[in-house]
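These notes concern the structure reproduced below.
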Amino acid sequence: MTETVQQPLQEASHHPYRRPRDAATLILIDRSASTPKVLVGKRHDNVVFMPGKFVFPGGSVDKADNRVPVAAPIPRELEANLLKGSPKTELARARSLAIAAIREACEETGLCLGRKTDGAVAKLNGVWQPFADAGLLPDPSGLYLIARAITPPGRVRRFDTRFFTADASTIAHRVEGVIHADAELVELVWVEIGSQPLADLHPMTKNVLGELEKRLAAGPLRHDADVPFFHFYDGKMQKDILPGVA
């Protein structure tokens, strides 16, 4: 099924064609209160892509993401969901996307999803050092795929982004001092699901937040739920439905 999505074109759309880069985003859900909340961060006003907008933490996949040791493999159903849609995703790339979502969240917010295990932690360094310091390995086993979206052509940056979600209870380590006036994200806000969106919430962030609200209203998160795929076709933003894997 395909439908047209009303998508305000607020960013400059006159840039040369760029091939989208694989990217991953993590939506953390806090269920400690009766109304769930999700974490969004405000981007610095001086960044090139979506300056000043409230977004979910995320970024591009790194080549090394597929080689990072993990506490548990990604679920088979999640892996299968990541292979759906076009452009096609290779199996190794699917794993990289899930790991990238965890890495970017830790880098941008200081919130790290992991699990204590024996051995292998010493292999983590560089951007993964916070995990090694806490005796953790990244743990993608609690991730769910909520949506996929490709930035329209003509933008200064283009990404083929997979939006994952995970419960805030899976946060195993917090790095202090990550959010500050000169960081990529200058502010973090927990927003109640169903509340009036923040004024500076990016339109695609609003779309994905709406999809997440529908999923949560239907009950516990499941891998067999349909996954919306937002992409630009024939001059319009379209939403295809990718069937979830049971």
For the structure I just gave you, tell me whether Ala147 is buried (at least 18 other Cβ atoms within 10 Å of the Cβ) and assigned to a loop (DSSP other than H, G, I, E, B). no
Check whether at least one residue in the range 32-51 is under 20 Å from Phe164 (Cβ atoms), surrounded by 15 or more Cβ atoms within 10 Å (Cβ to Cβ) and at pLDDT below 85, and report yes or no. yes
Of the residues Lys84, Lys42, which single one is within 16 Å of the chain's Cα centre (by Cα) and not aliphatic (A, V, I, L, M)? Lys42
Residue list for the range 192-246, filter: β-branched (Val, Ile, Thr) and either closer than 21 Å to Leu39 by Cβ or buried (at least 18 other Cβ atoms within 10 Å of the Cβ) (or both): Ile193, Thr205, Val208, Val227, Val245
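Yes/no matrix, rows are residues, columns are (1) assigned to a strand (DSSP E or B); (2) modelled with pLDDT of 90 or more:
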{"site": "Thr161", "(1), (2)": "yes, yes"}
{"site": "Ala172", "(1), (2)": "yes, yes"}
{"site": "Leu188", "(1), (2)": "yes, yes"}
{"site": "Val191", "(1), (2)": "yes, yes"}
{"site": "Ser195", "(1), (2)": "no, no"}
{"site": "Leu216", "(1), (2)": "no, yes"}
{"site": "His223", "(1), (2)": "no, yes"}
{"site": "Phe229", "(1), (2)": "yes, yes"}
Any residue that is at pLDDT below 95 and under 21 Å from His231 (Cβ atoms) - is there at least one of those in the range 92-109? yes
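The values are calculated or read from the model by the stated rules, or taken from the named source; none is laboratory data. Predicted, not measured: the structure shown is a model, and the values here were computed from it. Neighbour counts run over all protein chains shown; Cβ positions are idealised from the backbone, glycine included.
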